[in-house]
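Read the structure below first, then the notes.
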There are 2 protein chains.
Amino acid sequence: MRMSELSRETEVPVPTVKYYIREGLLPSGSPTGPNQAEYGQDHVRRLRLIRVLREVGGLGIAQVRKVLEAIDAEELSLHEVLGRAHHALAPSEEPSEPSPELARVKEKVDRFIEDLGWRVSADAPARWTLAEALLALERMWGVEGAETFLPYARVADRVAASELASRPPNGSRAGMVEWMVVGTVVYEAVLTALRRLAQEHHSARRFA
Amino acid sequence: MRMSELSRETEVPVPTVKYYIREGLLPSGSPTGPNQAEYGQDHVRRLRLIRVLREVGGLGIAQVRKVLEAIDAEELSLHEVLGRAHHALAPSEEPSEPSPELARVKEKVDRFIEDLGWRVSADAPARWTLAEALLALERMWGVEGAETFLPYARVADRVAASELASRPPNGSRAGMVEWMVVGTVVYEAVLTALRRLAQEHHSARRFA
DNA sequence: CACTAGAGATAGTGCTACTATCCAGTCCGA
DNA sequence: TCGGACTGGATAGTAGCACTATCTCTAGTG
């Protein structure tokens, strides 16, 4: 398969494919001459994966690269791959110098997670996301304490438990890794979209 | 309060405040002279709201403006405000010319929503989000049909029902509207973050 | 053997969210 | 009352991102 066919198959413009290769998201084809190369089904799949992460997951190129690197790291356990993917997906890394206010609510969040009995790494970026959300809620509505999160935590726990129990159609390690990572991203979008639809449904029943 | 004080209070740089005023996100202060103006608590609150939508919700300036316009539209019912906010939040509007493939899965999604008994508007952007997600799942793993979404739909339904039943600390219409819209955005981030933590927890138990 | 197509390198584009500079006017302490 | 810091408003500049266009040289094709 030549590049133009790869492009047609995946509906990605040729210059964009070249760009992805330059950026290291996509391996170059196997050369068949000084200026010809051959692409295969692996390229199609990888390209589709990139587009899903970009368009459904809304990730930036740098994030996509990190996710792909995690997927490709054969020496990592599934748990480690998922952890790396989570780091890559996070909107907020640990701030270099968090404000005292933020540090304060972060402690509340940490204690909350502790109380749930969840064993998660101390540097999980989601902790900071929660802290920022809680700080905003405190400042604007005087919401006190992370207990507001409890119903969401229960729901998240149930969802995650059933997700981790599910298996991909293709049971190889590579297939499993892809399934886990893309599942995180795609079903996140699904859950968000469904929550909005459900909100509209209940809002109609209540206010309209 | 002068602009520099507003800036200090909210930790938003002065040029950025000016920018928000230019862009119509923030009303200008009441002038006390040819080049002096006075800002009040309303400005502080609105500015914080803008930052929450930007930083926790990850919205762009144009999206923030639409959300604020919905909040300010006194003549709309709560249900209408929420609908407008959802439109503003959506990553994907209806494509001008959807591919036949996408249109096909969109029909599956519509039927799925119908079967749930949810009454949501036919042009809800979340329908397209779901269609794109389903198309990606089909193409990469041969997932067939929107029934994959069922567990998520049940969870979303429960979450939304309890959310719509909750009341803000401040019960005025303006307070209620802010609460609903910001709640949509902030608790979405919360739910996402908690799902990731829960995934890590279960992944550790299973794979590590 | 003209001509389309391909690969790779380099440079340019359009958009977004700020950020910097400038200016005339104002405030305020010595 | 005067000088320096500060103000609001206008205009221009910047950095980052995700492509997109162009150029050059080479390969295959009717």
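The values are calculated or read from the model by the stated rules, or taken from the named source; none is laboratory data. In this text the structure is predicted, and so the values were computed from the model without any measurement. Quick reminder, even Gly has a Cβ in these numbers, built from the backbone with ideal geometry, and neighbours come from all protein chains shown. Each accessible area value is taken on the protein alone, full model and side chains, heavy atoms only, with ligands, DNA and RNA left out. Shrake-Rupley method; radii C 1.70, N 1.55, O 1.52, S 1.80 Å.
Name the single residue, out of those in the range B:3-37 being of a type outside the set (A, V, I, L, M) and within 14 Å of chain A (Cβ to nearest Cβ), that is nearest to DNA strand D (Cβ to nearest atom). Explain how you work it out, then say what you get.
Residues of the range B:3-37 of a type outside the set (A, V, I, L, M): B:4-5, B:7-11, B:13, B:15-16, B:18-20, B:22-24, B:27-36.
Imposing the further condition that a residue be within 14 Å of chain A (Cβ to nearest Cβ) reduces the set to B:8-11.
Numbers: B:R8: 9, B:E9: 12, B:T10: 13, B:E11: 15 Å.
Per the stated criteria, the residue is B:R8.
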Among the residues listed as A:L134, A:L150, the single one being among the aliphatic types (A, V, I, L, M), open to solvent by 20 Å² or more (accessible area, probe 1.4 Å), part of a helix (DSSP H, G or I) and under 18 Å from B:V186 (Cβ atoms): A:L150
Across the range B:162-178, which residue is nearest to the other protein chains (Cβ to nearest Cβ) among those that are free of Cβ contacts under 8 Å to residues at least 24 places away in the same chain and buried (at least 16 other Cβ atoms within 10 Å of the Cβ)? B:L164
In the range A:112-144, the residues that are in contact with an Asp or Glu (Cβ under 9 Å, 6 or more places away or on another chain) and farther than 21 Å from B:R51 by Cβ: A:F112, A:L116, A:W118, A:R119, A:V120, A:S121, A:A122, A:D123, A:A124
State all residues of the range A:58-103 that are in a loop (DSSP other than H, G, I, E, B) and either in contact with a His (Cβ under 8 Å, 6 or more places away or on another chain) or open to solvent by 60 Å² or more (accessible area, probe 1.4 Å) (or both); if no residue qualifies, say none. A:E74, A:E75, A:P91, A:E93, A:E94, A:S96, A:E97
Residues in the range A:109-128: is at least one at the interface with another protein chain (Cβ under 8 Å from one of its Cβ atoms), small (G, A, S) and under 23 Å from B:G58 (Cβ atoms)? yes
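So for the range B:107-126 (the condition being among the small types (G, A, S), open to solvent by less than 20 Å² (accessible area, probe 1.4 Å) and within 30 Å of A:T148 (Cα to Cα)), does at least one residue qualify?
Taking every residue of the range B:107-126 in turn, at least one turns out to be among the small types (G, A, S), open to solvent by less than 20 Å² (accessible area, probe 1.4 Å) and within 30 Å of A:T148 (Cα to Cα).
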Suppose we filter A:V190, A:V181 for residues that are closer than 23 Å to A:R54 by Cα, part of a helix (DSSP H, G or I) and either in contact (Cβ under 8 Å) with a residue 60 or more places away in the chain or open to solvent by 20 Å² or more (accessible area, probe 1.4 Å) (or both); which single one remains? A:V181
Being touching a residue at least 12 places away in the same chain (Cβ under 8 Å) and open to solvent by 20 Å² or more (accessible area, probe 1.4 Å) is the filter here, so list the residues in the range A:137-147 that pass it. A:E138, A:E147
Check B:R48, B:R8, B:R54 and return the single one that is within 12 Å of DNA strand C (Cβ to nearest atom), open to solvent by 40 Å² or more (accessible area, probe 1.4 Å) and in a helix (DSSP H, G or I). B:R54
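Table: residues versus (1) more than 17 Å from A:W179 (Cβ to Cβ); (2) more than 9 Å from DNA strand D (Cβ to nearest atom); (3) more than 17 Å from the chain's Cα centre (by Cα).
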position	(1), (2), (3)
A:Y39	yes, yes, yes
A:D42	no, yes, yes
A:R48	no, yes, no
A:I61	yes, no, no
A:I71	no, yes, no
A:E74	no, yes, yes
Which count do you get for residues in the range B:193-208 that are facing another protein chain (nearest Cβ under 7 Å) and open to solvent by 40 Å² or more (accessible area, probe 1.4 Å)? 3
Qualifying residues in the range A:11-45 (those that are among the polar types (S, T, N, Q) and near DNA strand C (Cβ under 10 Å from one of its atoms)) - the one nearest to A:L89 (Cα to Cα): A:S28
In the range A:31-45, anything open to solvent by less than 70 Å² (accessible area, probe 1.4 Å) and in contact with a strand residue (DSSP E or B) (Cβ under 9 Å, 6 or more places away or on another chain) is listed as A:A37, A:Y39, A:G40
I'm trying to understand the selection: among the residues of the range A:16-45, which are charged (D, E, K, R) and in a strand (DSSP E or B)? A:E38
